Amino acid sequence: MIKAVSFDGDDTLWSFDDMMRQALASTLTLLEEMTKKKSIFTVGEVIMLRNGVEAERGPLNPRNTVEGIRRESFRRVAKLSGLDGQISGDKLTEHYFEVKTQVGTLFPEVEPVIQQLRASFRVGEITNGNHSPAVFGSDVKLDFIVMAQDIGIGKPDAEIFEHAARLAGCDVTEMMHVGDSLESDVAGANGVGAVSIWFNPAGLENDLGVRPDYEIRSLSEIPEILDAHQDDR
């Protein structure tokens with residue numbers, strides 16, 4: 001019997017890549033204004049630099065947050081651009097996060113689906129990122145939010161799902177998890193015996209050998225799946 005439903009954040013409740021790239025492009029424009037010359041970086045190069053910082057620092061934890069990784073990457077961008085690394089990097093970081101919240105929006109079906117589900121289930125978020133719907137101005141309520149950086153453990157590790165289940169007040173096998181990543185969301189949920197839903201709006205081919213219990217194109221399919229799953233049990 002399913003008692004709780006958890007959602008991934010990035011690219012499940014909102015489009016992360018579009019939001020990130022828009023914010024990075026705007027930040028590089030700010031950098032050009034600060035240096036008074038064309039930026040030596042492209043959006044793709046800033047992404048690569050940020051990913052390099054993440055690889056250096058290792059797993060997320062309260063002292064190694066998503067924001068901290070992004071901040072350090074912008075400090076390096078500033079320094080390599082001939083600006084003060086810390087002060088200018090912090091200015092770029094604040095601009096980046098401000099633009100992200102301005103351009104980021106929830107997918108249209110998110111709020112009505114969560115509101116419908118909360119009438120019968122505990123509903124929350126399990127994310128390796130650092131955003132929740134409230135960041136984008138949404139009033140939708142969640143019963144629990146678990147961020148990898150807060151507990152030092154990320155998906156697909158079993159402990160992050162078990163932690164979420166404790167917050168939801170149920171066994172992890174009584175959870176249904178929805179996410180766009182086969183590797184972190186589906187494999188993680190499968191590994192602890194939770195019901196897994198692969199959110200695959202683009203109809204991508206599954207060539208990883210990780211099999212979800214259900215596959216959906218739209219989050220609006222979830223209530224019907226839950227009804228059918230409960231009936232089958």
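None of the figures in this text is laboratory data; all of them are computed from the coordinates on show. These numbers come from a predicted model, not from an experiment. Because the Cβ atoms are built from the backbone with ideal geometry, glycine has one as well, and the counts that use them run over all protein chains shown.
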| said: Test of understanding: what is the full-extension gain from Q116 to I151, defined as 0.36 nm times their sequence separation minus their Cα-Cα distance? | reply: 9.7 nm
| Computed E for D84/A55 - FRET, C-beta separation, R0 25 angstrom, nearest 0.05 | 0.50
| query | Quick one: of the DSSP bridges fully inside the chain, what percent are antiparallel, nearest 5? | reply | 10 percent
| field | Using a Förster distance of 41 Å, the FRET efficiency for E162-T29 (Cβ separation, nearest 0.05) | value | 0.40
| query | What ratio of Cα Rg to 2.2 N^0.38 Å holds for the chain? | reply | 1.09
| query | Based on Cβ point charges of +1 for Lys and Arg and -1 for Asp and Glu, what charge dipole magnitude is obtained for segment 16-103 about its Cα centre, in debye rounded to the nearest 20? | reply | 220 debye
| Total lysine pairs whose alpha carbons fall under 30 Å of each other in the chain (8 or more apart, or interchain) | 17
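Count charges around S138 for me, please; just the other residues with Cβ under 14 Å from its Cβ, Lys/Arg as +1, Asp/Glu as -1.
Taking every other residue near S138 into account, the sum is -2.
List the trypsin sites (Lys or Arg not before Pro) within segment 50-147 that fall in a DSSP loop (any state other than H, G, I, E or B) and whose Cβ has at most 14 other Cβ atoms within 10 Å.
Sites meeting the loop and neighbour criteria: R63, K141.
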| message | Show me the GluC sites (Glu not before Pro) within segment 196-233 that DSSP assigns to loop and that have at most 11 other Cβ atoms within 10 Å of their Cβ. | response | E205
| task | Choose one answer from D143, D207, D171: the residue with the largest mean-square fluctuation in a GNM of the chain with alpha-carbon springs under 10 Å. | result | D207
| query | Out of V66, G44, M34, whose Cα points farthest toward the positive end of the dipole of the chain (charges: +1 Lys, Arg; -1 Asp, Glu; placed on Cβ)? | reply | M34
| remark: Burial-style ranking of 19-28, 1-10, average other-beta-carbon count within 10 Å with highest first, yields 1-10, 19-28
| Given a cut-off of under 8 Å on Cα pairs at least six residues apart, what relative contact order in percent is computed for the chain? | 24 percent
| field | Whole-Å distance, taken between Cα centres, linking segment 159-204 and segment 1-74 | value | 24 Å
| message | I'd like to know which of H163, H95, G129 lies farthest towards the positive end of the charge dipole of the chain, counting +1 on Cβ of Lys and Arg and -1 on Cβ of Asp and Glu. | response | H95
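So if I place +1 on the C-beta of Lys and Arg and -1 on the C-beta of Asp and Glu, and nothing else carries charge, what would the dipole magnitude of the chain be about its Cα centre? I want it in debye, nearest 20.
Using only the charged Cβ atoms, the result is roughly 1120 debye.
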| query | In µm²/s, what is D for segment 16-103 at 25 °C and 0.890 mPa s, where D = kT/(6 pi eta Rh) by Stokes-Einstein and Rh is the Kirkwood radius from Cα pairs? | reply | 190 µm²/s
